[in-house]
1. Could you tell me whether Arg82 is more than 12 Å from the ligand (Cβ to nearest atom) and of a type in the set (Lys, Arg)?
2. Assuming Gly17 fulfils every condition listed in (1) assigned to a loop (DSSP other than H, G, I, E, B); (2) in contact (Cβ under 8 Å) with a residue 60 or more places away in the chain apart from one, which condition is it?
3. Within region 32-39, does at least one residue satisfy the condition of being under 15 Å from Gly13 (Cβ atoms), outside any loop (DSSP other than H, G, I, E, B), without any contact (Cβ under 8 Å) to a residue 24 or more places away in the chain and touching a Gly at 6+ places or on another chain (Cβ under 9 Å)?
4. Only one of Asp59, Asp49, Asp31 is charged (D, E, K, R) and buried (at least 23 other Cβ atoms within 10 Å of the Cβ); which?
5. Gly89 is checked against (1) in contact with a strand residue (DSSP E or B) (Cβ under 7 Å, 6 or more places away or on another chain); (2) away from the ligand (no atom under 13 Å from the Cβ); (3) free of Cβ contacts under 8 Å to residues at least 24 places away in the same chain and fails just one. What number does that condition carry?
6. With respect to Thr113, is the statement that it is of a type in the set (Ser, Thr, Tyr), over 19 Å from Ala167 (Cα atoms), in contact with a helix residue (DSSP H, G or I) (Cβ under 6 Å, 6 or more places away or on another chain) and surrounded by fewer than 17 Cβ atoms within 10 Å (Cβ to Cβ) true?
7. Among what's in region 41-57 and is out of contact with any Phe, Trp or Tyr (no Cβ under 9 Å at 6 or more places or on another chain) and part of a helix (DSSP H, G or I), pick the residue that is farthest from the ligand (Cβ to nearest atom).
8. Tell me which residues, restricted to region 135-157, are of a type in the set (Asp, Glu) and out of contact with any Gly (no Cβ under 7 Å at 6 or more places or on another chain).
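Every number here is computed from the coordinates shown, using simple stated rules; none is lab data. None of the values given here were measured: they were computed from a predicted structure. All Cβ positions, glycine included, derive from the backbone under ideal geometry; neighbour counts span all protein chains shown.
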Amino acid sequence: MPEVAIVGGGPAGLSAGLFTAKNDLDTVVFDTDETWMHKAHLFNYLGIDSMDGTEFVEDAREQAEGFDADMRVGEEVTAVERVGDGDAGGFTVTTDDAEYDATYVVFATGTDTDLLEDLGVEFTDEDLVDVDLSMETSVDGAYATGAMIRNQEWQAVISAGDGGAAALDILSNEKGEHFHDFDVPEDAE
Ligand SMILES: Cc1cc2nc3c(=O)[nH]c(=O)nc-3n(C[C@H](O)[C@H](O)[C@H](O)COP(=O)(O)OP(=O)(O)OC[C@H]3O[C@@H](n4cnc5c(N)ncnc54)[C@H](O)[C@@H]3O)c2cc1C
């Protein structure tokens, strides 16, 4: 059973998946491959001078897969349901192909909030998904990232940051203490 199911494989979802897979949580990323990055060319992503958006996504997928994230490109999530209450619960994630259980779900579907509405998360007065600083929604264990939590201020680097924040919160929960994914030069191969 994946501990972390990520719905959406743009910068937000891939960033979340990179962090959770790198730190040994079973991670699956479902993606219908309609990320806005396919329309973009990056000149404003810190550390990257210039890169085609599709190339960025392909590189990011490979990076997460390198840490064993299970990348399901083309598999659409059609429903996410809560199982049980509170910390003891989890989620059933239904796709057009199969059904999965997951301990955590990270929503990274751009502006599309249909799955979150069905799950019953709270929204703000501006009709954005209501999250805390760790991107957790009003439903325990369900996280929302990227365009759905911001009014128009949409940038790839911000979505990637949201995904990282959600993943660190999940990792902190799992490890039982504040978690930092810090590497030092001796870690480099
Ligand atoms: C023309 C254009 C140019 C841009 N240029 C730049 C730029 O230069 N710099 C910059 O920083 N930003 C740019 N952006 C914005 C940038 O592309 C977005 O901020 C970024 O892609 C948002 O990332 P995200 O992960 O939140 O969502 P998205 O990238 O939209 O990814 C969401 C993913 O979820 C998938 N999905 C949706 N529903 C489901 C489902 N039910 N099941 C499975 N998968 C699902 C979608 O197919 C998609 O792949 C541009 C956008 C556009 C439109």
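1. yes
2. Gly17 satisfies all of (1) assigned to a loop (DSSP other than H, G, I, E, B); (2) in contact (Cβ under 8 Å) with a residue 60 or more places away in the chain except (1).
3. Yes; the residues of region 32-39 include at least one that is under 15 Å from Gly13 (Cβ atoms), outside any loop (DSSP other than H, G, I, E, B), without any contact (Cβ under 8 Å) to a residue 24 or more places away in the chain and touching a Gly at 6+ places or on another chain (Cβ under 9 Å).
4. Checking each option against the conditions leaves just Asp31.
5. Here Gly89 clears every test but (3).
6. No.
7. Glu55
8. Across region 135-157, the qualifying residues are Glu136, Glu153.
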